[in-house]
Protein chains: 2
Amino acid sequence: MKRFFTIVLLLSLTAAIPGIHAEEGMWTYDNLPIKDIKEKYGFEPTKEWLDHARLSSVRFNDGGSGSFISPNGLVMTNHHVAVFQIQKLSTPENNYVDKGFLANSYDEELKCADLELNVLMSMENITDRVRSAEKDDMSPSEKLKAVKDEVAKIQKEEKEATGLRCDVVNLYQGGEYWVYRYKKYTDIRLVMAPERMAAYFGGDYDNFTYPRWDLDMTFFRVYEDDKPIKSENYFKWSKNGAKENELVFVTGHPGSTSRLYTHAELLNDRDESMPRNLDLIDYFIKTLKDYSAGGEEQARRALTTLFYLANSTKARGGMYEGLQDEAIMKKHLDEEKALISKIKANPEWNKLYGNAWDNIAKIINDNKEFSLKHFYRGIIVYRATSLLGKALSFVRYAKEIEKPDMERRNGYHDTQIEGLKFSLLSPAPIFKDLEEAKLAAFLKFVIEKSGKDNVVEMFLQGKSPDKAAHALIANTKMNDVNYRKELWDLDPDEILESDDPFIKLAIKLDPVLEADKDYYDNNIAGQLKEESVKIAKARFAVYGKSIYPDANFTLRLSYGSIKGYKMNGTLAPYKTTLYGLYDRALSFDKAEDFNPPQRYWDKQNKLDLATPVNQVSTNDIIGGNSGSPLINKNAEVVGLVFDGNIESLPGRYIYDMEANRTVSVHSSYIIEALRKLYDANKLADEIQGK
Amino acid sequence: MKRFFTIVLLLSLTAAIPGIHAEEGMWTYDNLPIKDIKEKYGFEPTKEWLDHARLSSVRFNDGGSGSFISPNGLVMTNHHVAVFQIQKLSTPENNYVDKGFLANSYDEELKCADLELNVLMSMENITDRVRSAEKDDMSPSEKLKAVKDEVAKIQKEEKEATGLRCDVVNLYQGGEYWVYRYKKYTDIRLVMAPERMAAYFGGDYDNFTYPRWDLDMTFFRVYEDDKPIKSENYFKWSKNGAKENELVFVTGHPGSTSRLYTHAELLNDRDESMPRNLDLIDYFIKTLKDYSAGGEEQARRALTTLFYLANSTKARGGMYEGLQDEAIMKKHLDEEKALISKIKANPEWNKLYGNAWDNIAKIINDNKEFSLKHFYRGIIVYRATSLLGKALSFVRYAKEIEKPDMERRNGYHDTQIEGLKFSLLSPAPIFKDLEEAKLAAFLKFVIEKSGKDNVVEMFLQGKSPDKAAHALIANTKMNDVNYRKELWDLDPDEILESDDPFIKLAIKLDPVLEADKDYYDNNIAGQLKEESVKIAKARFAVYGKSIYPDANFTLRLSYGSIKGYKMNGTLAPYKTTLYGLYDRALSFDKAEDFNPPQRYWDKQNKLDLATPVNQVSTNDIIGGNSGSPLINKNAEVVGLVFDGNIESLPGRYIYDMEANRTVSVHSSYIIEALRKLYDANKLADEIQGK
């Protein structure tokens, strides 16, 4: 989800104040509501407990979460987080997505193409230093640049001092800056994955719903120097899982929320961004379905992207429904009004912050046209084919790399080159026919929606969209990792002299995109930052730090308890059992999406059908948290978080404590499945510490 | 539900026009949309098919439906229809509600206290004759009286001519009058009932929801002359039940819908009747829960009424939500506007019918105060204790019986005396402590809501509500069936001289209630009838007979097909299986309401867990249809209707074809349970014709 929303989020760097409810909150590790937890559950996490939980948590930079669950670098995440890597390891002959995978020894573990995992080693508030770069006589865009330069400098210093990946992150919509220092791992190997139909039982229908019966798990192992690492911090396994009403935590990386949006931004989401994005996703799905209809291998190639899109459209559909809900909109507006009235009541605050909400509404309104143009341009440049993205990276690398580090564009600083290389030289397969189908389709879509402009003409070069796409794709070698390796080893000048059609296109596009970016920084981003920082300061003035920042794929801890809820006229139970999996399969006569792998029928007699399968808890999560462990107060794994229920989708904007639930795979089902369905006793022993 | 709404319905004798959707419709047997059925499903029910289905259908006058399913008078209905009779047969020592019941031979079958079953032998349109009683120079209330007298006359003639129970029924809100001729049975014996927790698994939580796993069945046998009848018409049993998408019919007795309401009536329901009734039911539930808390036996005595009330509050809650739904209200208003604009476009029609909608709105508005008073008065007179209702019947019987038949009040004509006696002399137990608790509570409720008036004072006689209730109940013998038998055998004068406190109260109340009735007839009912007949005629003028009349507990046929639906973000399957029952039980750790009888655990190994348990179909039903058979085109039983899903509740006012579903027990589950859980092979053999 994170990647998909990059452009949309440009207009969203602002702040409001949510009503904090019991158990709401994706808390940073430095600012937990420990008093509330203790009062409600009689448990107070210590510094040691928190350090251990943090160091056992893993970020999947593909867009998910995970955790160490053995001393030998074993990492657990969701199948739906891992599936993009599993797909890259698969071939028509060895389709691990369909058939699952199990390594019986280290030797059999499969190295991922381009998976990076991060562990948060430490973090530090550097707000004062970042702010000190801004001088009073600077314009908003000059301040923006000053901050960016300072951030680049800090990241470089930090990297040199610690050897870690050091990211400066912005919390509370500009209210705070922190440096987050990550241990980075890039040799990640696949250990075990079930068949997709075990992981994703119920398919897109059951996605974001509950009751549910999914084995949404995958195991990887982290290597360094070609050996499994010794993971000092890891979560032990709970013997029986959690009881109803038991306190549980989720430690993971929620991707993005918009709870601190101003109401003007919410309305912009409802009326502009959201319908536009839903429209795009629909079109993308249609395009890939047409392509998939070409044959079994085409269907295999498009499967994971289609899966991702179906997920997106359902998630966004739920968010969009939330935005249409008058009660939700009114609640948000009331909360904003309450904050504003507190600010207006204090003359000093009013002078400093009072106009920020109106100013943000004006910035959004004044830039609707640019924003629309930017949206459609972004589609053909960044989403139609990854080949152009790679070519743009090569071109920018070539232009930037010989400049002094601090003068380069963001993304091309010394500290960032290693990551760039890792991504550009990924051996993951790229299928030319699929890239061509997407490029042709998106060109048509953008022309229909937004007409032909100079950028579209750069793609078309006088041809029809189909012919233009064919010409570009047929003649490129950008899909070939060996060609990209050759390019990487060339001198910058030589890269720019490549006759690859995508390199040539990227060279033409780059100045136009740079001009867009300059326009954006000078006319939108600088001003937005000013105003959003005002609101952040206003919020701190009124509420102090009793609030949590919007999610931004940094590590968060959420607390809650195992609990069912009222659903569609009845109760959803706190857990499901294996009986229910067979019920649901047979209720649909094992129709597609409701047909578990054959082993579920062959080995049914071995199973204890009373085994809990999935469970729900009141933890506050969102996309990006997928793969997070659910742990008890002893920091033992009691579940594997893989979804939010449908009622949680408006949680992007507003948390509803009555019905918002986190859905996780029960720890007992993981062991039951590994031992009795997958004959993976060795892995189960490692997990259970036997 | 039917009984509870008697008073509310007084203001509802009017007409509008619904939008007819595919598969919508509770059709009378004389006016089926045979062409639509044939076009959609390729099946055309013949006259023989319809006669057979009609004569195999049974009305449970307690408020439900049923059917003959063997040649020996075996009748199937729901447990929740039968439970009031089962309760009457139970004692603290033999609690058949909790423990179930099975007769292994005719000898062991238990005769019900006061159950009357009806079979519709024939029906005839007598609109012209009824209308001919109205003369042009009569006032609306004179016309109303003329019609009532004519109806009484017809019923008398019909009874004498046929020996059957002959009811004149009003269809299309006064648009048509029919005589419905019923064969009446009053010797009904209990054959088999499962435990309440098998029938009602999931309890009030799962009531009106789906997926579901209920064995909501009970079997009775019809006797005449102390022998099982030979039921010539009965439904055979389907071997495997119906397939997904297969055509299925429901033949049964839907109690009451309001789809032909004018919009003014709908608004009156939303703003007046519905909140008032929900308030009353809540209070009633609270009263009975307090009483139940007194001990195990108290809980047993109140159980079925509490069950009935919980059902009502959930059903009405769903209807009330429908009334709050702007889309539903708009649809209703749009349909009314469409009909009115067609009427207005034709000068003749406009002159005849054009003002009816406004007139009805005015009648409702002018009589709000009377209606409110009437509502609260009705509570203490008819709902607080059945002892007063019995006393009122005795008093009225004594006053009317010596008048010439045609001069008596409705309810006391010669043709009605047999039914009156059957009801008054029922041996069903009545518990004084329960009656006293109810009476005291309702007196308080009505005083709080509506103050003390002359009627309330007749109850109180200067005492507090508690003391007044105690005085009445302590001194009455009306609870004793032997005393009622004595009363029945007295001369009318002697009855009126009884010193039973309820007889004395009834004597004082009767003239006041009669005056209310006269006021109602003269000032409301006559005018409402005039206007509603206008709308009925308007509707026939525009739409002909392509429409069906609102439900009124007459026999109807609904067609549809077995089909799942979209639910809460995913799909509800067309059926459930026994696996799911165990899942749901264990998902709640066998908590109350989710704990099936012990035999489900003891005999689990015998069961085929893939057996379908419940299923959903698109048939259009409502309360009163409970116990109807679901039959296929061969008129074989494929299910036993017991519920509508939660999405169907606004169906009282508007049918929603996407999500409205009928929920039935699958025919295969009934056999599986009888044979393997209840060791009732003899009964299963009879049902399956073995």
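Quick notes
- Filtered by the rule that a residue be in contact (Cβ under 8 Å) with a residue 24 or more places away in the chain, acidic (Asp, Glu) and under 16 Å from residue A:125 (Cβ atoms), the range A:137-178 gives a lone residue, A:176.
- Residue count, the range B:187-206 (criterion: under 25 Å from residue B:553 (Cβ atoms), touching a strand residue (DSSP E or B) at 6+ places or on another chain (Cβ under 8 Å) and open to solvent by 10 Å² or more (accessible area, probe 1.4 Å)): 2
- Test: residue A:636 is in contact (Cβ under 8 Å) with a residue 24 or more places away in the chain and either of a type in the set (S, T, N, Q) or away from every other protein chain (no Cβ under 14 Å) (or both): yes
- Residue in the range A:531-542 that is among the aromatic types (Phe, Trp, Tyr) and under 24 Å from residue A:240 (Cβ atoms) present: no
- Matching entry among A:482, A:522, A:454 (being out of contact with any strand residue (DSSP E or B) (no Cβ under 9 Å at 6 or more places or on another chain), free of Cβ contacts under 8 Å to residues at least 40 places away in the same chain and open to solvent by 60 Å² or more (accessible area, probe 1.4 Å)): A:482
- Scanning the range A:150-170 for residues that are hydrophobic (A, V, I, L, M, F, W, C) and touching a helix residue (DSSP H, G or I) at 6+ places or on another chain (Cβ under 9 Å) yields A:151, A:152, A:154, A:164, A:166, A:168.
- Residues (within 27 Å of residue B:196 (Cβ to Cβ) and over 16 Å from the mean Cα position of the chain (by Cα)) located in the range B:642-661: B:645, B:646, B:647, B:648, B:661
- Residue, nearest to residue A:550 (Cα to Cα), within the range A:157-166, restricted to residues that are open to solvent by 30 Å² or more (accessible area, probe 1.4 Å) and outside any helix (DSSP H, G or I): A:165
- Selection within the range A:539-574 - of a type in the set (D, E, K, R), open to solvent by 20 Å² or more (accessible area, probe 1.4 Å) and more than 21 Å from residue A:638 (Cβ to Cβ): A:545, A:566
- Any chance residue B:154 is open to solvent by less than 10 Å² (accessible area, probe 1.4 Å), closer than 30 Å to residue B:544 by Cα and among the β-branched types (Val, Ile, Thr): yes
- Count of residues meeting criterion [closer than 14 Å to residue B:342 by Cα and touching a residue at least 24 places away in the same chain (Cβ under 8 Å)] in the range B:537-559: 7
- Residue satisfying condition, being more than 25 Å from residue A:544 (Cα to Cα) and either in contact with a Pro (Cβ under 6 Å, 6 or more places away or on another chain) or open to solvent by less than 50 Å² (accessible area, probe 1.4 Å) (or both), within set A:311, A:359, A:346, A:365: A:311
- Condition broken by residue B:620, with the remaining ones in (1) of a type in the set (D, E, K, R); (2) surrounded by fewer than 20 Cβ atoms within 10 Å (Cβ to Cβ); (3) within 28 Å of the chain's Cα centre (by Cα); (4) away from every other protein chain (no Cβ under 14 Å) satisfied: (2)
- Which listed residue is touching a residue at least 12 places away in the same chain (Cβ under 8 Å), over 22 Å from residue A:286 (Cα atoms), open to solvent by 80 Å² or more (accessible area, probe 1.4 Å) and out of contact with any strand residue (DSSP E or B) (no Cβ under 7 Å at 6 or more places or on another chain), from A:463, A:449, A:444, A:477: A:477
- Tally of residues being within 30 Å of residue B:399 (Cβ to Cβ) and of a type in the set (Val, Ile, Thr) across the range B:510-550: 2
- Only one of the numbered conditions (1) more than 25 Å from the chain's Cα centre (by Cα); (2) aliphatic (A, V, I, L, M); (3) open to solvent by 60 Å² or more (accessible area, probe 1.4 Å) is not met by residue B:133, and that is (3).
- Any hit, the range A:575-594, residues being crowded, with 24+ Cβ neighbours inside 10 Å, within 23 Å of the chain's Cα centre (by Cα), basic (Lys, Arg) and under 26 Å from residue A:57 (Cβ atoms): no
- When residues of the range A:174-215 are limited to those that are part of a loop (DSSP other than H, G, I, E, B) and under 30 Å from residue A:417 (Cβ atoms), the one farthest from the other protein chains (Cβ to nearest Cβ): A:186
- Taking the criterion of being of a type in the set (Lys, Arg), surrounded by fewer than 21 Cβ atoms within 10 Å (Cβ to Cβ) and touching a residue at least 12 places away in the same chain (Cβ under 8 Å), the residues of the range A:639-690 that qualify are A:676, A:682.
- Residue within the range B:166-183 that is of a type in the set (Lys, Arg), within 18 Å of residue B:117 (Cβ to Cβ) and modelled with pLDDT of 95 or more present: yes
- Test for residue A:536: is it open to solvent by less than 60 Å² (accessible area, probe 1.4 Å), in a helix (DSSP H, G or I) and touching a helix residue (DSSP H, G or I) at 6+ places or on another chain (Cβ under 8 Å): no
- Scanning the range A:62-83 for residues that are within 19 Å of residue A:255 (Cα to Cα) and modelled with pLDDT of 95 or more turns up A:64, A:65, A:66, A:67, A:76, A:77, A:78, A:79, A:80, A:81, A:82, A:83.
- Out of A:590, A:575, sole residue that is at the interface with another protein chain (Cβ under 9 Å from one of its Cβ atoms) and more than 25 Å from residue A:38 (Cα to Cα): A:575
The values are calculated or read from the model by the stated rules, or taken from the named source; none is laboratory data. Worth saying up front: this structure is predicted, and the values here are computed from it rather than measured. Cβ: placed from backbone, ideal geometry, glycine included. Neighbour counts: every protein chain shown. Calculation scope for accessible area: heavy atoms of the full protein, side chains included, ligands and nucleic acids excluded. Shrake-Rupley method; radii C 1.70, N 1.55, O 1.52, S 1.80 Å.
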